[in-house]
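Accompanying notes for the structure given below.
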């Protein structure tokens, strides 16, 4: 006897890109055994134990035969636990417990618990999009993944237990529709600009950054609120468009950081990795490869607190995404391309000891130490910051100031300015051009520095609802150029 | 031209020599020294040597008690530049924002008035004085004296500044190519800085600072010494204030220097300022402040404030350091 064969279909992810994987189960009358072949990684090999227990727990029959599961194409590396469900379905199909021909009309993706429950796995949106692109109209996945999978416009069969999947394939009953968890999704609470006392210049720069999408750097002694300011940028950014939201959701899903009650990321994401983060953690990597913080911040804000403390290699790796908005990671199994168009916000002290710019402390750094501190930040990276704000330590009497505007008051201005920059960008007047040329000589500015000043001036004009960039706006933009403490 | 042999020998022996040593080693070296070849090699590298015996050697420097055997020179200017009326500006490497602002202002205004600004290309005050002189926009306005071989720039961070000085003036050193910077060479360098100038200005100096060595040297040679008053509570100004106590001329305006040379201040360009900039300037002159603090006393919005401050910076009236803005022109 040659045995019986059944298939199921799922998708492996290379980065964000789904690749079709056929799961073949072959049963032979021989000494009972169970083998998975086809470049399965450790988590995927362990599927054996989960699938065996899951099938038993669902009160189904574990075939007492020789079972071989092949994940094809065999040369594609299979990573993770999402293959549990398709493996179980293929085995059940081969042993005649569910109709095989129905199984291959579906994509399947999910992890099995030992008691037969189906657990959600990251990357469902990308898998569902893969199914959709190949004309498969239904995906069987964990009930909790329903809202996410539905974003790909496929029909979702939400199963919370293997027994439900079996009943569905046998045509006995459809699984209950997913009703969501109890309660409403949590309203995201963003830190608000109303919390900031004084700091008029930094607030103004933040508004410019939000309106023009500029990268910005806060420099100053410790305790002047640099991080606090940086964290408030997302609160004045516009919400994501539908396409942006789906792009961001796909990345967050693959990385497994999607909030279960918030299937669609609709607000600009905010990521603030610690300065001990590795290159792979920042730009992505690993065998998967998985997206890094830079990709998780796609269409949002990447805050790098204490910029010079980051590994230089990690900072240099950010230059590619800052340039073209993507990160490409080459692996033996193929090349993964992650989008990473983020707004970079950095904070730093003016010197290693933190005493510079602080009237209450004296800087004790040697010139050599200062030099080494500056050398950590390459000019190429510093040049990406359109706005640099030096935040001095306010004196005691200067702290008695009123609260500034709340983010909700700033946001409409940002939206209007973005609209103007997109549709009718302001043009520099002759006088403004003349000032810019004079500044190039006098300050002095590099060619890139000049372009940065011009961009920021255009944003300032858009915020002023002006059709022209006037002298005042160029002058203002000049005030946010890179100070000498950081540049040289 | 045995001075060149002497300078080349000093480099090889890693010693500081101003006169021929009566040693066998030197005699052997001098006998085998290919002077024409050495000069050709210097020319190939864009360098020149001005011997002490040369008629163009600056008389003020020749007058000191241990003038160098000669000066290696880099740059396009004629050696005659070294004999023009010159001021030395010296001070702390780790200077304050105030010291940096004053050094730059003095460099600019003295160069504008026609003086040559001499300094040591060090970090801090030295570098700012050179930058100010270059900003004045007059050709051949500044001379940098190195404490290492003429073929290198120390500190490396000033490589570009050194290049600009060579283009617009001269970089000089008594040390032949190949001599490494060493701490003991800097006091010797300072004697040349002071020796080239008729007056030495100390901008900011701690107790025991190298700038005070230059000042002591200038006093010994009977040159004029001026010192910029600093805050009496600041350790950075302890040395320069002590000079005042000892009788150095206090420098409170550029004219204090110019009068020594019988010069008039260059016509101060009175830039047209916006109303906002004028009111900001008034506040900044009272006391150095951050942009937000000035905004609170003038009532200007953050955007207008940034524009006004940038305008004042471009006009050279205000300088920023660590987010704090200060007036840079003498108030008196």
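Kindly identify the protein assembly as shown as rounded, prolate or oblate by the Cα gyration tensor criterion: order the square roots of the eigenvalues as a ≥ b ≥ c, call it rounded if a/c is under 1.5, otherwise compare a/b with b/c, prolate if a/b is larger, else oblate.
Prolate.
Given an 8 Å cut-off on Cα distances and at least 6 residues of separation, report the relative contact order of the stretch B:213-332 as a percent.
For the stretch B:213-332, the relative contact order is 19 percent.
How shielded is A:199-210 by partner chains, expressed as the average number of their Cβ atoms within 10 Å of its Cβ atoms?
If you average over the peptide's residues, the count of other-chain Cβ atoms is 4.
Any chance you could give the angle, 0 to 90 degrees and rounded to 10, that helix A:447-463 forms with the longest Cα principal axis of chain A?
Approximately 90 degrees, to the nearest ten.
What FRET efficiency would be calculated for the residue pair residue A:276, residue A:448, taking the C-beta separation as r and a Förster radius of 30 Å, to the nearest 0.05? Don't jump to the answer; show the numbers that get you there.
On the way: r = 30 Å, r/R0 = 1.01.
Efficiency, from the Cβ-Cβ distance: 0.50.
Which order results if A:101, A:155, B:109 are arranged by neighbouring Cβ count within 10 Å, fewest first?
Working: A:101 9, A:155 14, B:109 26.
Lowest count first: A:101, A:155, B:109.
Rounded to the nearest 500 deg cm²/dmol, what is the calculated helix-only ellipticity per residue at 222 nm for chain A, with -39500 (n - 2.57) per DSSP H run of length n ≥ 4? Don't jump to the answer; show the numbers that get you there.
On the way: 21 runs with 179 residues, N = 488.
Theoretical 222 nm ellipticity from helices: -10000 deg cm²/dmol.
If you find the alpha carbon centre of the stretch A:141-182 and of the stretch A:203-249, how far apart are they in angstrom?
The stretch A:141-182 and the stretch A:203-249 have Cα centres separated by 38 Å.
Just to verify a number: FRET efficiency for residue B:34 and residue A:487, C-beta to C-beta distance, R0 = 51 Å, to 0.05?
Numbers: r = 45 Å, r/R0 = 0.89.
Between residue B:34 and residue A:487 the formula returns 0.65.
Roughly how many nanometres apart are two label points built 7 Å out from the Cα toward the Cβ at residue A:402 and residue A:378?
Placing both labels 7 Å along Cα→Cβ, they lie 4.7 nm apart.
For chain B, find the longest principal axis of its Cα atoms and tell me its angle to the long axis of helix B:35-44, 0 to 90°, nearest 10.
Helix B:35-44 sits at roughly 30 degrees to that axis.
Taking the Cα centre of each part, how many Å lie between the stretch A:437-453 and the stretch B:276-332?
21 Å
Would you order A:2, B:252 from fewest to most other beta-carbon atoms within 10 Å of each residue's own beta-carbon? Write out the running numbers ahead of the final one.
On the way: A:2 7, B:252 13.
Ordered by Cβ neighbours within 10 Å, fewest first: A:2, B:252.
So how far, in whole Å, is the C-alpha centre of the stretch B:21-40 from the one of the stretch B:215-232?
Taking the Cα centre of the stretch B:215-232 as reference, the centre of the stretch B:21-40 is 39 Å away.
Rounded to the nearest 0.05, what FRET efficiency do residue B:65 and residue B:164 give with R0 = 30 Å and r taken as the Cβ-Cβ distance? Could you check?
Working: r = 33 Å, r/R0 = 1.10.
According to the calculation, E is roughly 0.35.
Given labels modelled 7 Å from the Cα in the Cβ direction, how far is it in nm from residue A:369 to residue A:137?
7.0 nm
Where is the GNM fluctuation largest for chain B (alpha-carbon springs, 10 angstrom cutoff): B:108, B:289, B:52?
Comparing B:108, B:289, B:52 in the GNM, the peak value goes to B:289.
In which sequence would B:54, A:305 go, from the one with the fewest C-beta neighbours within 10 Å to the one with the most? Present the calculation step by step, with values, prior to reporting the outcome.
Numbers: B:54 15, A:305 19.
Listing B:54, A:305 from fewest to most nearby Cβ atoms yields B:54, A:305.
At residue A:440 and residue B:285, where each label point lies 7 Å from the Cα along Cα→Cβ, what is the point-to-point distance in nanometres?
Label-label distance for residue A:440 and residue B:285, simple model: 3.4 nm.
Just counting partner chain Cβ atoms within 10 Å, what average do the residues of peptide A:476-484 show around their Cβ? Mind showing how you got there, number by number?
Values: counts 10, 3, 7, 13, 2, 2, 0, 4, 4.
The mean count of partner-chain Cβ atoms within 10 Å per residue comes to 5.
GNM, chain B, Cα, under 10 Å: largest mean-square fluctuation among B:319, B:242, B:63?
Looking only at B:319, B:242, B:63, the biggest GNM fluctuation is shown by B:63.
Taking 0.36 nm per residue of separation and subtracting the Cα-Cα distance, what length does fully extending residue B:315 through residue B:80 add?
81.3 nm
Relative to the longest principal axis of the C-alpha atoms of chain A, give the angle of the C-alpha long axis of helix A:124-133, reported between 0 and 90° and rounded to the nearest 10°.
Once rounded, one gets 70 degrees.
Per residue of chain B, what 222 nm ellipticity follows from adding -39500 (n - 2.57) for every DSSP H run with n ≥ 4, rounded to the nearest 500? Provide the component values of the computation, followed by the final result.
Values: 14 runs with 140 residues, N = 332.
Taken over chain B, the calculation gives -12500 deg cm²/dmol.
Where does each of B:24-33, B:64-73 land if you order them by average Cβ count within 10 Å, highest first? Mind showing how you got there, number by number?
Values: B:24-33: 12.5, B:64-73: 21.0.
Most protected by this proxy first, the peptides run B:64-73, B:24-33.
Taken together, the values in this text are just the output of simple stated rules run on the coordinates, not laboratory data. Please read these numbers as outputs of a predicted model, since none were measured by experiment. As a convention, Cβ positions derive from the backbone with ideal geometry for all residues, glycine included, and neighbour counts pool all protein chains shown.
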